[in-house]
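Take a look at the structure set out below.
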Amino acid sequence: MPHRMHLMVCAGTGCVANRSPEVRDALVTEIAKRGLENEIQVVTTGCNGFCGAGPLMVVQPDGIFYQQLSPKDVPHLVEEHFLKGRPVQKLMYVPPETRTPLPKMMDIPFFSRQRLIALRNRGLIDPERIEEYIARDGYAALAKALSQMTPQQILEEVKISGLRGRGGAGFPTGAKWEHVLKAEGEPKYVICNGDEGDPGAFMDRSIVESDPHSVIEGMLIGARAIGARWGVVYIRNEYPLAVQRLMIALEQAREYGLLGDNILDTGFDFDISVSRGAGAFVCGEATALVSAVEGRPGEPRARPPRLAQHGLWGKPTCLNNVETWADVPPIINNGGAWYAQIGTEKSKGTKVFSLVGKINNTGLVEVPMGITLREIIYDIGGGVPGGKKFKAVQTGGPSGGCIPNELIDLPIDFESLAEAGSMMGSGGMVIMDEDTCMVDVARYFLAFTQDESCGKCAPCREGTQLMLDILTRITDGHGTMEDLDALEEVAKVVAETSLCGLGTSAPNPVLTTMRYFRDEYLAHIGAHKCPAHVCRQLNTYRIDPAICVERGHGCGVCRRECPEKAIFGEKNQAHRVDATLCNKCGTCVDVCHFNAVIVE
Amino acid sequence: MQLETVDRIIQQHHADKTALIAMLQDVQSEFTYLPQEALVYLSRTIEVPLSRAYSLATFYRAFSLKPKGRYSIAVCMGTACHVKAAVKILEKFERLLHIKTGQTTPDLNFGLEEVRCLGCCGLAPVVTVGPDLYGKVMLPKVDQIVKQYQKQGARDAKT
Amino acid sequence: MPKLKLEDLAEVREKARKATSLREGAARVKMTVHMGTCGIAAGARKIVEAALREVEQGDLRDVMVTTSGCAGLCSREPMATVEVVGEAPVKYVDLTEAKVKAIFKEHILGGKIVEQYALAIGSERAY
Ligand SMILES: Cc1cc2nc3c(=O)[nH]c(=O)nc-3n(C[C@H](O)[C@H](O)[C@H](O)COP(=O)(O)O)c2cc1C
Ligand code: FES
């Protein structure tokens, strides 16, 4: 294992004059006393340039800057920061121009660049108390819609807002509602899609968990606009807390007469039931979801007919995503025009993204459409940890693609993401750095879609398997140049001929990585090398005898942990890997405290 | 096999045929799997063909026709967890428990499976054991988790 | 609970506003622990328990402990917001039980923000 922390003690002339060697010695002694020498390394560096405040020390990877250290600060510092993880404020360097040690929320880019509409109540209200939602103008939009607007006017506002579906394809919400309103057949239904299957996305869970009434209110307004009496929330069973809070919210809304008969004494009737998912990614697809709600296996069907004509129980149905519904009340409260002034020409408003993977600030962010990837990744996300290089961002889950560093200034909206070969999807953004192998990522997603393909249509069922086989061959080092052509060919067929969105978009991860990271494919095929050392079958492992003996004293942890018993050696002596026994699992790399295992 | 439990579940859903999936979910969470007897009894009582119940039981990932372990360990293999090397966590569980993913230990104490995104990607890599969730799981943590539940299992077995 | 009519909604809103706003209510301090799935996984339950323990042990009748959903910054969970009447809210991150103790002693009772555990003061902008 590498050292988890490096203490860069300045040994420039200025700091040495300020007795930095004594500080360094005190650190080394204290660290040894606490048995942290394998975890923390003390390094002496050249001049930092802040000689006035010396002795200086920078703690990596945190990047914390300590100043004017003296040996007597050391025990406290080691205890608090390096053992317990709490940086010691009073020893930190404060740049003169920002002499406030405690920033304001709005000074922190993670928060200041955000604009909260769907997440307007996050962290502010108790989701299990309807009164707190009402206190923040909750159900005011419903009251307005019921008392001052006709269904047609509600529809108009939503159209003016330019709101587009947040669940994937970005279909204009107003137009969808209009189709349902105009469709023949009674009763009509509204459905909330809370299946959230894209791995790496969790905004819908968070919205339902932290503000369930915003979704309920949105559905109420939608139901009023299209003339529905019943609604269904379809929600993943993997989200127990969200299910629980939603149930509580529905009960409280009923008690207040905000659901049920004669809502707010206006003669409007509407109620919502909950359907829990049973674990199938394809159930997030609208027609499959309807099938699951009806109690059947969640298989998609061909469209047309659209759900707007032929939906739940064969009746006109309006299905929207959780976030889409949560956006509706503010639109009604503030007017469609207000919403339309945020965002870009064709993509209005804000979108919630989940920022995960190799990024410093992981979390949920809601930003105006049109913001660039760079702003999201660097200003809000705080960049890639550990000084690694940003390589790509994956958007849109298994249906999306990987966007490379070259396109970092791309503004985020439905159109530009699609142009780059990816898509908005539900808003998952998985950040990848130099240690991520793009061929492996493509294989990962294909394994996902292949496994989740419901098997109803042949192109998706067989095509994803075929693509997965080829990708596995390549990551195992047996790929050929013909494989690359075949991959492209199959991808095109699957994209064009599959029945539902799962199949038509499944090739996106493959096509985008082939387009932007072809060199990585070629390295796997031609040189049989994985540049990021992720595809293990292409790696070889050896132990650096010098490091093993001198730093690790032949500790033997790798020998004990090796599942194949492929490592040999004695205590205090250099260990070695027997390549004929090694199954290339890489465990030795992870367990070695001294970085003695070398991957090539 | 307690058919009263199945009866109770049926009643909770008013013997409504369209709630079959929800009933199966409840049976699954009561018994950790869908026992054949329960499936047969359920489909007879609410008058749906057994084949329908079976087709749902095999289509949806949440259902299992075989008993799952008392502690069901799920390692997230979602994208965020994947790029943070979740596969090594999974393999370590396999090694410690001497089972493959999808299997249950012979003493029925542990089941091991992979899941797709638990929605806590900020804490990747993520592991759940029953209702308990563990985030930022590193390899040494895997030993701890297994030991902890082995102890708990031994304690529960006594009482 | 009586069913609401249109005209009642505003009244409920006013009442709820008073109850949740510190200035009007009986409480002097409100501590909101952020309990989404991430927060709970990171140990938010222990934080709530620790806070409630402090309230009980100190018999602090003017301190209100409540919960809320995710605050968005998953990598710094568990998080809590402390709001003292008349002052800007303070967000604390990476909480532990020991930190909660310190926050109660120094901030909630002593009136001094525990800067080394705090992320920021103020709140986010909605809309
Ligand atoms: C394979 C597949 C999975 C999908 N999963 C989801 C999902 O988890 N959540 C969601 O809201 N939409 C999902 N969609 C998109 C839905 O089909 C539908 O377009 C969307 O829910 C409509 O709502 P919107 O207009 O508000 O976005 C999925 C689509 C496909 C093809
Ligand atoms: S990818 Fe593992 S929790 Fe989302």
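The values are calculated or read from the model by the stated rules, or taken from the named source; none is laboratory data. In this text, all values refer to a predicted model and were calculated from it rather than measured experimentally. No Cβ is skipped: glycine too gets one built from the backbone with ideal geometry, and neighbour counts run over all protein chains shown.
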Select from segment B:128-150 the residues that are at the interface with chain C (Cβ under 10 Å from one of its Cβ atoms) and not acidic (Asp, Glu) and write down the one among them that is nearest to the chain's Cα centre (by Cα). B:THR128
Consider B:ASP26 against the criteria (1) in a helix (DSSP H, G or I); (2) more than 9 Å from chain A (Cβ to nearest Cβ); (3) out of contact with any strand residue (DSSP E or B) (no Cβ under 9 Å at 6 or more places or on another chain); (4) farther than 30 Å from B:ASP7 by Cβ: it satisfies all of them except one. Which criterion is unmet? (4)
Looking at segment B:97-111, which of its residues are surrounded by 17 or more Cβ atoms within 10 Å (Cβ to Cβ) and touching a residue at least 40 places away in the same chain (Cβ under 8 Å)? B:LEU97, B:ASN109, B:PHE110, B:GLY111
Can you tell me which residue is surrounded by the most Cβ atoms within 10 Å (Cβ to Cβ) among those in segment A:197-214 that are at pLDDT below 95 and in a loop (DSSP other than H, G, I, E, B)? A:PHE202
Among the candidates A:LYS346, A:LYS315, A:LYS358, residue that is at negative phi, away from every other protein chain (no Cβ under 11 Å) and under 30 Å from the mean Cα position of the chain (by Cα): A:LYS346
Picked from segment C:104-127 (must be touching a residue at least 24 places away in the same chain (Cβ under 8 Å) and in a helix (DSSP H, G or I)), the residue nearest to the other protein chains (Cβ to nearest Cβ) is C:TYR117
On the basis of being under 18 Å from the mean Cα position of the chain (by Cα), away from ligand 2 (no atom under 11 Å from the Cβ) and within 30 Å of A:GLY363 (Cα to Cα), does B:LEU112 make the cut? yes
Any chance A:ARG542 is out of contact with any Pro (no Cβ under 6 Å at 6 or more places or on another chain), in a strand (DSSP E or B), within 29 Å of B:VAL83 (Cβ to Cβ) and not β-branched (Val, Ile, Thr): yes
Go through segment A:554-585 and give me each residue that's of a type in the set (Asp, Glu) and assigned to a helix (DSSP H, G or I). A:GLU561
Condition check for A:GLY138: away from every other protein chain (no Cβ under 11 Å) and away from ligand 2 (no atom under 16 Å from the Cβ): no
Condition (residue is within 16 Å of ligand 2 (Cβ to nearest atom), of a type outside the set (A, V, I, L, M) and closer than 19 Å to A:ILE272 by Cα) applied to segment A:197-207: is it met by at least one residue? yes
Filter result for the condition that a residue is more than 14 Å from chain C (Cβ to nearest Cβ), away from ligand 1 (no atom under 16 Å from the Cβ) and at pLDDT 95 or above, over B:LEU65, B:LEU108, B:LEU112, B:LEU96: B:LEU112
Tell me which of these C:GLY72 doesn't satisfy, since it passes every other one: (1) more than 10 Å from chain A (Cβ to nearest Cβ); (2) surrounded by 23 or more Cβ atoms within 10 Å (Cβ to Cβ); (3) outside any helix (DSSP H, G or I). (1)
Cβ-Cβ below 8 Å, separation at least six or inter-chain, first residue in segment A:494-517 and at negative phi and without any contact (Cβ under 8 Å) to a residue 24 or more places away in the chain, second small (Gly, Ala, Ser) and within 15 Å of ligand 1 (Cβ to nearest atom): which pairs? A:ALA495/A:GLY503; A:ALA495/A:SER505; A:ALA495/A:ALA506; A:THR504/A:ALA495; A:THR504/A:SER498
Take A:ILE525 and decide whether it is away from ligand 2 (no atom under 16 Å from the Cβ) and either in contact (Cβ under 8 Å) with a residue 60 or more places away in the chain or farther than 30 Å from A:ALA418 by Cβ (or both). no
So, in segment A:165-210, of the ones that are more than 7 Å from ligand 1 (Cβ to nearest atom) and basic (Lys, Arg), which residue ends up nearest to A:ASP327 (Cα to Cα)? A:ARG205
For residues that are more than 11 Å from chain B (Cβ to nearest Cβ) and either closer than 12 Å to A:CYS500 by Cα or not in a strand (DSSP E or B) (or both), tally how many sit in segment A:272-296. 6
Within segment A:356-377, track down each residue that is without any contact (Cβ under 8 Å) to a residue 40 or more places away in the chain and part of a helix (DSSP H, G or I). A:LEU373, A:ARG374
Please state which one of C:LEU60, C:LEU52 is farther than 30 Å from A:ILE359 by Cβ and outside any helix (DSSP H, G or I). C:LEU60
Determine whether A:GLU489 is within 16 Å of ligand 2 (Cβ to nearest atom) and not assigned by TED's automatic domain parsing to the domain that holds A:GLY194. no
Is it true that A:CYS530 is under 27 Å from the mean Cα position of the chain (by Cα) and outside any helix (DSSP H, G or I)? yes
Checking A:CYS548, A:CYS588 in turn, the sole residue that is more than 30 Å from A:LEU446 (Cβ to Cβ), of a type outside the set (Asp, Glu), outside the structural domain of A:GLU462 (by TED's automatic domain parsing) and not in a loop (DSSP other than H, G, I, E, B) turns out to be A:CYS548
